[in-house]
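The values are calculated or read from the model by the stated rules, or taken from the named source; none is laboratory data. Everything numeric in this text was worked out from a predicted model, so none of it was measured. Ideal geometry is used to build each Cβ from the backbone, glycine not excepted, and the neighbour counts take in all protein chains shown. Ligands, DNA and RNA are excluded from the accessible area calculation, which covers all protein heavy atoms including side chains. Shrake-Rupley method; radii C 1.70, N 1.55, O 1.52, S 1.80 Å.
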Amino acid sequence: DPLMWKLVPALEREMGQAFPELVRASNLITETLRLEEQRFRKTLERGLRMLDDESSGLCEGDKFSGETAFKLYDTYGFPLDLTEDALKSRGIAVDTDAFNTAMERQRAEARKAWAGSGEAATDTHWFDIREKAGATDFLGYETERAEGEIVALLARDGHALVDSLQPGDEAAIIANQSPFYGESGGQVGDRGEIRTGVGAVFTVTDTQKKLGDLLVHYGRMDKGTLRPGDAIELSVERTRRAGARVHHSATHLVHEALRQVLGGHVVQKGSLVEPDRLRFDFSHPKALDPAEIERVEDLSNQVVLQNDPVTTRLMNVDDAIAEGAMALFGEKYGDEVRVVSMGLQPQDEGNKPIYSLELCGGTHVARTGDIGVIKIVAETASAAGVRRVEALAGEAARKYLNEQDRRLGAAAMAIKASPADVPARLESLMDDRRRLERELAEAKRQLALGGGAGSADDGEAEIAGVKVVMRALHGINPKDLRGLVDDGKKKLGSGVVAVVGVNEEGKAGVAVGVTDDLTDKFNAVDLVRAGSQALGGKGGGGRADMAQAGGPDGSKADAALDAIRDAISAAA
């Protein structure tokens, strides 16, 4: 049985004071050791079986195939030195030249597979940097401050290696280990500072993850000088990390709530986790109604209030998925994955199964209660068959709710009502407004039909024996012109009615009506086009008895009526 994990308590007693992270991350260290030993035993069993099969025909002094040794390494994770040790007692050596050739060929194929189009094509150079610098050990699950060593310095674009950084340089730093989270899984990269014991300061403005395990710290050299090999202290901006943790954990709760409220067809299609908000895209054919949004919020916040510990385990990916863990959209997983579980099913008081269980490499809160509160602030369409919710959690949600409360108070004061009475009071005011708008529109219609101040002609006139009524009205909606013209035609009996309306923005509309007995002589479309042209517009449409058009220059209302008058005279 696995043995090493049982030694962790003794290690804590002996070294915990010097290395407090041993105590702080005790559970994770124990689980990692136990899992690693289990996995290595399986690797050893598979590898030894294959090694025996492949070497059964070899004698002392023979060479074991380097291609087979590489297959053992690449496919089964069987280290070269282990293969050499296993064969040494039989006097058999490994063809290391063939092994190295196979290794280089595999690296070349990996570069070729990575190269494609867009961003992927530009990232192929990271393979060379990764081979020189090695992987970055991420320490950010246990700490936000750590010591490390610079293994590479790069120009800001990340392509060229440099020997040193001077004040003012925009650059990137790769360290052997780091507490900074590199952007992935929707969670944005950390910001913070990198310092040395002699006063050099580098401000980290973004952290990116390359090739899965290479953390690149982008930023600006503010003070002093940095060189590869320098010992450094890396400090993450705590408030930004805390906000990202809160919103990442809230994303998991909202994801599960959406599945429970809308159905199992809900699958993540994209995610953005920032310190002050979250955005979550998911498959769903239609918009959520207010009741569904409320249920998602209620279910998520019920789990928040449980204040249940958020736990993480390292597991084999197949075992994790078999246990019910959800894999996130767009993420690539290795053989070993980090499984994050939080909360208990609120509706199930008996068995109390886990509420949310996902494969995730992001940072999370220690307990669900640390999220504080979750508030959905928007629900929109993202693409065909994909919806998007935006939400706030923790301090960002509290500030948002305070601001909404302040606005409600201001609105209540403005309409002289209590906050509780605002909806009813607003509905009453809207009814009054609609009534007044109807009365105003009717008054304008009566004014338009009866003439009065502001009209181009204060009454009826005759042009070549044809009765004509023309009006220019200000502060009228162009959509009301057709009704005014119809009323004018009925009142006139026989003749032509032309009305120009100018709205509050100074834009104009013109409508012309011709009674049925005169349509063989006058065409409303021709007349309205003459008026539209005078207003700076083009065209116009309708029928011979009714047509309407518009124009941008309402100051030319009288000119438009004059143009229509001239057109009537020409047609008569």
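Here, the range 1-150 yields an orientationally averaged convex hull projection of 12.8 nm² when only Cα atoms define the hull.
The stretch between Ala378 and Arg220, if pulled fully straight at 0.36 nm per residue, gains 53.3 nm over its current Cα-Cα span.
Once the Cα gyration tensor of the range 179-255 is found, what semi-axes does its equivalent ellipsoid get, as square roots of 5 times the eigenvalues, in whole Å, sorted largest first?
Numbers: eigenvalues 149, 36, 15 Å².
That gives 27, 13, 9 Å for the three semi-axes.
Just want to confirm a number: the relative contact order over the chain, from Cα pairs under 8 angstrom separated by 6+ residues, in percent.
Details: 1099 pairs, mean separation 40.4, N = 572.
Normalised by residue count, the contact order of the chain is 7 percent.
Ranking Pro290, Leu262, Thr312 by how far each Cα lies toward the positive end of the dipole of the range 228-312 (charges on Cβ) leaves Leu262 at the top. Remark: accessible surface ordering of Glu460, Glu505, Glu31, Glu131 (largest first) is Glu505, Glu460, Glu131, Glu31, probe radius 1.4 Å.
Using a simple spin-label model with pseudo-atoms 7 Å out from Cα toward Cβ, Glu60 and Asp213 lie 3.9 nm apart. Only one residue of Val377, Gly224, Asn100 has its Cα farthest out toward the positive end of the dipole of the chain, where Lys and Arg carry +1 and Asp and Glu -1 on Cβ, and that residue is Val377.
So if R0 is 22 Å, what FRET efficiency would Asp517 and Asp562 give, r being the distance between their Cβ atoms, rounded to the nearest 0.05? Please report the intermediate quantities before stating the final value.
Details: r = 25 Å, r/R0 = 1.14.
FRET efficiency, Asp517 to Asp562: 0.30.
Accessible area per residue for the chain in Å², computed with a 1.4 Å probe and the full protein assembly in place, what is it?
The answer is 51 Å² per residue.
The C-alpha atoms of the chain define a longest principal axis, and helix 290-306 lies at about 30 degrees to it.
Rounded to two decimals, the Cα radius of gyration of the chain over 2.2 N^0.38 Å is 1.54.
Each 5 Å bin from zero holds the following percent of Cα-Cα pairs in the range 471-546: 3, 18, 27, 26, 16, 7, 2, 0.
Annotation: amide H of Ser271 within the under-5 Å range of Asp281, sequence separation 5 or more or interchain, hydrogens built in the peptide plane. Applying 1/(1 + (r/R0)^6) with R0 = 25 Å to the Cβ-Cβ distance of Asp553 and Glu460 gives a FRET efficiency near 0.40.
Could you tell me how many cubic angstrom of Cα convex hull volume the range 259-339 has per residue?
For the range 259-339, the hull spanned by Cα atoms encloses 137 Å³ per residue.
About its Cα centre, what dipole magnitude does the range 527-572 give when the only charges are +1 on Lys and Arg Cβ and -1 on Asp and Glu Cβ, stated in debye to the nearest 20?
Details: 5 positive and 5 negative charges, 33 e Å.
Its charge dipole is roughly 160 debye.
Between 0 and 90 degrees, the angle of helix 524-534 with respect to the longest Cα principal axis of the chain falls at about 70 degrees.
Taking the charge dipole of the range 1-52 about its Cα centre, with +1 at Lys and Arg Cβ atoms and -1 at Asp and Glu Cβ atoms, the residue from Ile29, Ala10, Met50 reaching farthest to the positive side is Met50. Put a plus charge on the Cβ of each Lys and Arg, a minus charge on the Cβ of each Asp and Glu, and nothing anywhere else: the dipole of the chain about its Cα centre is then about 1700 debye. At 1.4 Å probe size, with the rest of the protein present, what percent of the exposed accessible area of the chain is carbon and sulfur atoms? Ligands and nucleic acids excluded, carbon and sulfur reach 50 percent.
Based on the Cβ-Cβ distance of Lys479 and Ala420, what FRET efficiency does E = 1/(1 + (r/R0)^6) give at R0 = 41 Å, to the nearest 0.05? Before the final figure, lay out each step's value.
On the way: r = 38 Å, r/R0 = 0.92.
Taking R0 as 41 Å, the efficiency between Lys479 and Ala420 is 0.65.
Taking only the C-alpha atoms of the range 186-315, Rg followed by Dmax gives 19.6, 59 Å.
Stretched out fully, how many nm does the piece from Ala18 to Asp319 gain, at 0.36 nm a residue minus the Cα gap?
Details: separation 301, 0.36 × 301 = 108.36 nm, distance 3.57 nm.
Here the answer is 104.8 nm.
Taking the Cα centre of the range 34-114 as origin and assigning +1 to Lys and Arg Cβ atoms and -1 to Asp and Glu Cβ atoms, the resulting dipole is close to 420 debye. At 7 Å along the Cα-to-beta-carbon direction for both Glu84 and Arg105, put a label point, then send me their distance in nm to one decimal. Result: 2.1 nm between the two label points.
Principal-axis analysis of the Cα atoms of the chain puts helix 238-262 at an angle of about 70° to the longest axis.
For the listed residue pairs Lys42/Lys88; Lys210/Lys375; Lys132/Lys269; Lys467/Lys556, the alpha carbons are over 29 angstrom apart in Lys210/Lys375; Lys132/Lys269.
Each label point was placed 7 Å from the Cα along the Cα-to-Cβ direction; for Lys491 and His125 their separation is 7.9 nm. Taking all protein chains together, Cys360, Cys59 sort by accessible area into Cys59, Cys360, largest first [probe 1.4 Å].
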